[in-house]
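Engineer: Take a look at this one; I'll ask things after.
The values are calculated or read from the model by the stated rules, or taken from the named source; none is laboratory data. Since this is a predicted model, take the numbers as computed values, not measurements. Here Cβ is always computed from backbone atoms with ideal geometry, including for glycine, and neighbour counts include all displayed protein chains. What goes into the accessible areas is simple: the full protein's heavy atoms, side chains included, and nothing from ligands, DNA or RNA. Shrake-Rupley method; radii C 1.70, N 1.55, O 1.52, S 1.80 Å.
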2 protein chains.
Amino acid sequence: MRIAIVGAGALGLYYGALLQRNGHDLHFLLRRDFDAITRDGLKIFSIHGDFTLPQVQGYRQAKEIGAVDLVLVGLKTFANDHYAELITPLIGERTQILTLQNGLGNEETLAELFGAERIIGGVAFLCANRGAPGEVHHLGEGRIVLGEYQPGGQWRLDRLVEIFSKSGVDCRATGDLKRARWEKLVWNIPFNGLCALLQQPVNLLLAPKSSRRLVRELMLEVIAAANAQGLTHPIAESYAERMLEFTDNMGEYKPSMQIDRAEGRQLEIAAIFAAPLDYGRRKGVAMPRVEMLATLLEQATR
Amino acid sequence: MRIAIVGAGALGLYYGALLQRNGHDLHFLLRRDFDAITRDGLKIFSIHGDFTLPQVQGYRQAKEIGAVDLVLVGLKTFANDHYAELITPLIGERTQILTLQNGLGNEETLAELFGAERIIGGVAFLCANRGAPGEVHHLGEGRIVLGEYQPGGQWRLDRLVEIFSKSGVDCRATGDLKRARWEKLVWNIPFNGLCALLQQPVNLLLAPKSSRRLVRELMLEVIAAANAQGLTHPIAESYAERMLEFTDNMGEYKPSMQIDRAEGRQLEIAAIFAAPLDYGRRKGVAMPRVEMLATLLEQATR
């Protein structure tokens, strides 16, 4: 399969490397890592075993790649206004677009630009960071849940699941992409938000009763907003407990937003906070703590 | 009047200096500034005019002072567990105790230790910081509102109001000390809390719509909790607007808690946050944002 990676951060590079290692024809749109990767290849340091791709097809501009079968979008969401410029040259008659980006609203914007029938959404549960140029550090997880943006097309999903699975990714399809997105937000909103604001890893946040309770209250606000969106199956409140226990096992993990803030990079506040707040508001769900966290993050990074 | 100052921070030193300048017999319990003040005196740099008291009676221990007519308490509230040790040696038959400390719960604790009939509460609206040892910088305001802890004793209040007024302090008596305390919290909770958390002065906090709205929402939670305490006259919601406009005129003022956190000092979270939250909770008033702010402050300074 001819695949282009748009947004070659830790996520795009990691999944792209796994797909290339499995024999697919990968094309990476690169910026920061262009020189290092086209000269020395791509190095993955992974809990599942390190590997290097000595030869990687890297590009500075999408038009040098041309049409592909699949565009895998791993952009930070604040770069979504570059969708048209970055993706249009990659579109052929049957090109599919898979977004593994964070938050809400990405499929909607892609669908408006390129047609809803092309769009597949994916929720990635991946702990990975970029290291030096040409290096990715895969620290944990890696699971992907895929869903169609519009109903139908199950065969297409099955094929993508097979491709990812054979490449070594724990991948499954869901009939309720919306629910999968919101489930990820139940984790992302409290942990990315609070760890970025306080500059503390997850274990420090979960140790005292008071901040652990705050994490749980934020989760319950997200669950309430999710369940107001007409999910096929609502998210149970017990999902919050499961996520707390799951995170207890992550040690002193730093969520990506914490690292981004520490390194002075822009944060994905619109997709991870503003869009869910907007979805909640439209359904009349009060999310005072999520709103306050978004305001504090904006204010702290102004 | 023979007066002892217990808790000689910016507030204690400032009001003590004004009272001494007006001819009262002042005795300062000192720690950090003992050497500088007993050697060189006390320098007040004030928007109302600078002045120096070349001779100041400073002490390291309360028993060296002995009984006084009035104890003025300016301690940081986290030092309240030293009340007995610091104040007991100052108590004579007719000694009155005036606390100008922040937050809730100070009069109650003093009343338990020394008898409710001795206790007068005061709410000080003062912008002042300590500078080098022996120096106080008075930046703005200075108003004091005094109230009896238990009903009666208006003559006593009138006399204190007269003493402060003649010493150059804008001072008045209130029949509803509780309301005055809560009114100050309407300002203290959002501004001390958010400025300390974000390390931003009040003008940065008030500039963007979103954080200005958050300040207002915090104020409304405090007003709701206040009005559940059986005040003689409830605090109107419009008081929040007045405090916002009042603060707009303060420029890039840094609340004391912001400075305390920047300098690594302990914060008055118990008196300014935990106690009001507790009062609100007992009356069934939801204060999600105030509670979240308290949790974030605790967590940030852990």
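Engineer: Would you work out the relative contact order for chain B, in percent, from Cα pairs under 8 angstrom that are 6 or more residues apart?
Structural biologist: Numbers: 550 pairs, mean separation 46.8, N = 302.
Taking the mean separation of contacting Cα pairs over the length of chain B, I get 16 percent.
Engineer: What FRET efficiency comes out for A:Leu139 versus A:Asp35 if R0 is 25 angstrom and r is the Cβ-Cβ distance? Round to the nearest 0.05.
Structural biologist: 0.50
Engineer: Helix A:10-21 versus the longest principal axis of chain A: what is the Cα-based angle in degrees, 0 to 90, to the nearest 10?
Structural biologist: Once rounded, the angle reads 40 degrees.
Engineer: Which distances, in nm and shortest first, link the A:Pro151 label point to the same label point in every other copy, taking 7 Å along Cα→Cβ?
Structural biologist: Computed spacing set for this position: 7.0 nm.
Engineer: Here is a further query. Given the DSSP H assignment, sum -39500 (n - 2.57) over each helix run of at least 4 residues in the protein assembly as shown and divide by its residue total; what's the result at 222 nm in deg cm²/dmol, nearest 500?
Structural biologist: Estimated from H runs of four or more residues: -13000 deg cm²/dmol.
Engineer: What is the angle, in °, between the Cα long axis of helix B:177-198 and the longest principal axis of the Cα atoms in chain B? Nearest 10 is fine, range 0 to 90.
Structural biologist: The angle comes out at about 70 degrees.
Engineer: Give the lysines reachable from B:Lys283 as a straight Cα distance under 17 Å; neighbours fewer than 8 places away on the same chain don't count.
Structural biologist: The reachable lysines, counting only those whose Cα sits under 17 Å from B:Lys283, are B:Lys178.
Engineer: As a test question: what accessible area, to the nearest 10 Å², does B:Lys76 have when a 1.4 Å probe is rolled over all protein chains in place?
Structural biologist: Roll a 1.4 Å probe over it and B:Lys76 shows about 70 Å².
Engineer: Let me ask you something else. Students often get this wrong: which residues of the stretch B:19-54 have the backbone nitrogen under 20 Å from the point 7 angstrom along Cα-to-C-beta of B:Arg94?
Structural biologist: Once the point is set 7 Å along Cα→Cβ of B:Arg94, B:23-27 turn out to lie under 20 Å by backbone N, inside the stretch B:19-54.
Engineer: What pairs from A:Lys209/B:Lys254; A:Lys76/A:Lys184; A:Lys254/B:Lys254 go past 20 Å between their alpha carbons?
Structural biologist: A:Lys209/B:Lys254; A:Lys254/B:Lys254
Engineer: If you take every residue apart from A:Phe273 with its C-beta less than 13 Å away from the C-beta of A:Phe273, what net charge results, scoring Lys and Arg +1 and Asp and Glu -1?
Structural biologist: Values: positive: A:Arg281, A:Arg289; negative: A:Glu221, A:Glu268, A:Asp278, A:Glu291, A:Glu298.
Net local charge, A:Phe273 excluded: -3.
Engineer: OK, next. What figure, in Å² to the nearest 10, do you get for the accessible area of B:Thr52 with a 1.4 Å probe and non-protein molecules left out?
Structural biologist: In the full protein context, B:Thr52 sits at about 80 Å².
Engineer: Taking θ = phi - 60°, what integer Hz values does the Karplus form 6.51 cos²θ - 1.76 cosθ + 1.60 yield along the stretch A:134-141, in sequence order, with x for Gly and Pro?
Structural biologist: In residue order, the calculated couplings are x, 10, 10, 10, 9, 9, x, 6 Hz.
Engineer: Then there's this: Once label points are set 7 Å from the Cα along Cα→Cβ at both A:Asn22 and B:Leu244, what is their separation, rounded to one decimal in nm?
Structural biologist: Placing both labels 7 Å beyond Cα along the Cβ direction yields 5.4 nm.
Engineer: What is the list of residues in the stretch B:15-40 whose amide nitrogen lies under 12 Å from a point 7 angstrom out from the Cα of B:Glu263, following Cα to Cβ?
Structural biologist: B:32-33
Engineer: What FRET efficiency, computed as 1/(1 + (r/R0)^6) with R0 = 30 Å and r the Cβ-Cβ distance, is obtained for B:Asp170 and A:Leu204, rounded to the nearest 0.05?
Structural biologist: Efficiency at R0 = 30 Å is approximately 0.10.
Engineer: Measuring from a point 7 Å out along Cα→Cβ, what nm distances, shortest first, does A:Thr52 have to its partners in the other copies?
Structural biologist: Between copies, matching label points for A:Thr52 lie 7.2 nm apart.
Engineer: Could you give me D for chain A, from Stokes-Einstein at 37 °C and 0.692 mPa s, where the hydrodynamic radius is the Kirkwood radius over C-alpha pairs? Units µm² s⁻¹, please. List each step's numbers first, then the result.
Structural biologist: On the way: Rh = 19.7 Å.
My calculation gives 167 µm²/s for D.
Engineer: Ok, one more. Inter-copy label distances at B:Ala228, 7 Å along the Cα→beta-carbon direction, one decimal in nm, shortest first?
Structural biologist: From this label point to the equivalent ones elsewhere in the assembly: 2.2 nm.
Engineer: Just to be sure I understand: of the beta bridges DSSP finds with both ends in the protein assembly as shown, what percent are antiparallel, rounded to 5?
Structural biologist: 35
Engineer: Going by alpha carbons, how many degrees (0 to 90, nearest 10) lie between the helix axis of A:238-248 and the longest principal axis of chain A?
Structural biologist: Helix A:238-248 sits roughly 70 degrees off the main axis of chain A.
Engineer: Between beta-carbons, use under 14 Å as the cut-off and find the net charge around B:Ala240, counting Lys and Arg +1, Asp and Glu -1.
Structural biologist: Every neighbour counted, the sum reads -1.
Engineer: For the full complex of protein chains and a 1.4 angstrom probe, list B:Leu126, A:Leu194 by accessible area with the highest value first.
Structural biologist: Values: B:Leu126 35, A:Leu194 0 Å².
The most accessible residue leads, giving B:Leu126, A:Leu194.
Engineer: Continuing with the same structure: If amide H atoms are built 1.01 Å from N in the plane of the peptide, which residues on other chains or at least 5 residues away come under 5 Å of the amide H of A:Leu126?
Structural biologist: Under 5 Å from the amide H of A:Leu126 lie the amide H atoms of A:Gly142, each far enough along the sequence or on another chain.
Engineer: Could you give me the ³J(HN,Hα) list for the stretch A:281-287, computed from phi with Karplus coefficients 6.51, -1.76, 1.60 and θ = phi - 60°, whole Hz, x at Gly and Pro?
Structural biologist: 3J(HN,Hα) across the stretch A:281-287, in whole Hz: 4, 5, 9, x, 8, 6, 10.
Engineer: Then there's this: Residue-wise, which Karplus ³J(HN,Hα) couplings in Hz belong to the stretch B:204-214, taking 6.51 cos²θ - 1.76 cosθ + 1.60, θ = phi - 60°, and x for glycine or proline?
Structural biologist: 5, 5, 8, 5, x, 4, 5, 7, 4, 5, 4
Engineer: I've got another one for you. Tell me, what is the 1.4 Å probe accessible area of B:Phe34, in Å² to the nearest 10?
Structural biologist: Rounded to the nearest 10, the figure is 40 Å².
Engineer: Also: To the nearest 0.05, what FRET efficiency results for B:Leu113 and A:Glu108 with a Förster distance of 56 Å applied to their C-beta separation?
Structural biologist: Efficiency, rounded to the nearest 0.05: 0.30.
Engineer: Something else now. Work out, step by step, the length gained on full extension between A:Phe78 and A:Leu220: first 0.36 nm times the residue separation, then minus their alpha carbon distance; give nm to one decimal.
Structural biologist: Using 0.36 nm per residue and subtracting the Cα-Cα distance, I get 48.5 nm.
Engineer: Compute the distance from the alpha-carbon center of the stretch B:253-302 to that of the stretch B:148-171, in whole Å.
Structural biologist: The two parts, judged by their Cα centres, are 30 Å apart.
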